[in-house]
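Here the structure is laid out as structure tokens; the discussion comes afterwards.
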Amino acid sequence: MFILKRQDVEISSVVHPSRDQQVPVLNYQGQTFRLISLFKASQEEEARALWRELTDNRGKACVLLEEEDRFSVWGKIRLDKLDSEASEQGNNKILTVASILLLQAVYIDIEEFLGAKQGNLFKKEISHILNRWQFPAASSPQAIDYLLSINPLEPIKVPFWEEDYVVVFLEELHRLGKAYFGNSDFAHRTLDILQDMPIPERRLFMTWLKNSSVSKLWH
């Protein structure tokens, strides 16, 4: 939507109405935007790719902010809608948990059917994707090992990904799975791992998946 410089905007913070947390917001010509992702100065290409993905492919109203030492992507919000985000974030946490379970299932199948060498290659490619898109709390070199080793169904620290990140992740995971297995047959088998989720959470994810832009990939 917009590519702006620091002098074009006003950045402040507001207190989230349902959590004791400061939320950074960007104001531009009477419109308010919330921070989605930060990028280093050397990651201009990745920042622009995320901004284009959200604006051109997802139809989101977003700002790409260019600064000397970093780039950042911001999504349009209404401040009076912040208090409704608690339930949305709870749903997005379920989407993230399901995504991590699918990641683990694909990795296990690659190791089992194709061997440890291919499994390690898959880990490197997923790690590159997480870093390229600057996934929150998952873009460090150690992140992939953490995601593959945890049980996301237990009350431990699971990364929180907004819905747009979940969509990108599932697109990339399917692309890699298809490349490794040679077809899309793995997707239906992979979804079986979601049987481990509590029934209400599994239903929520499957309903979301059915109505999402990646529904034709994961069927």
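Tell me, which longest segment in the chain has none of the trypsin sites (Lys or Arg not before Pro) that fall in DSSP loops with at most 16 further Cβ atoms within 10 Å? For trypsin sites (Lys or Arg not before Pro) (loop position, at most 16 other Cβ atoms within 10 Å), the longest site-free span of the chain is 79-156.
Taking every alpha-carbon pair under 8 Å whose residues sit at least 6 apart, the range 108-215 reaches a relative contact order of 19 percent. To the nearest 0.05, what FRET efficiency results for residue 42 and residue 146 with a Förster distance of 35 Å applied to their C-beta separation? Efficiency at R0 = 35 Å is approximately 0.90. Taking only the Cα atoms of the range 85-209, the ratio Rg/Rh comes out at 0.94, with Rh defined as the Kirkwood radius. Note on the range 2-77: with charges restricted to the Cβ of Lys and Arg (+1) and Asp and Glu (-1), its dipole about the Cα centre is near 320 debye.
Straight-line cross-link partners of residue 157 among the lysines, defined as a Cα under 16 Å from its Cα and at least 8 positions apart when in the same chain: 93. Here the spin labels are modelled as points 7 Å beyond Cα on the Cα-Cβ line, and at residue 52 and residue 206 they lie 3.8 nm apart. The ratio of the alpha-carbon radius of gyration of the chain to the globular-protein estimate 2.2 N^0.38 Å is 1.07.
Quarter the surface of the alpha carbon convex hull of the range 2-77 and you get the mean projected area, 5.3 square nanometres.
Separation of the alpha carbons by more than 30 angstrom is noted, of 60/117; 5/216; 123/216, for 60/117; 5/216.
Return the aspartates and glutamates within reach of residue 124: Cα separation strictly under 18 angstrom, same-chain partners fewer than 8 residues apart disregarded; answer none if there are no such residues. In chain and number order, the partners are 46, 109, 111, 112, 145, 171, 172.
Values quoted throughout were computed directly from the atomic coordinates according to the rules given, and no laboratory measurement underlies them. Everything numeric in this text was worked out from a predicted model, so none of it was measured. Note that we place each Cβ from the backbone using ideal geometry, even for glycine, and neighbour counts take in every protein chain shown.
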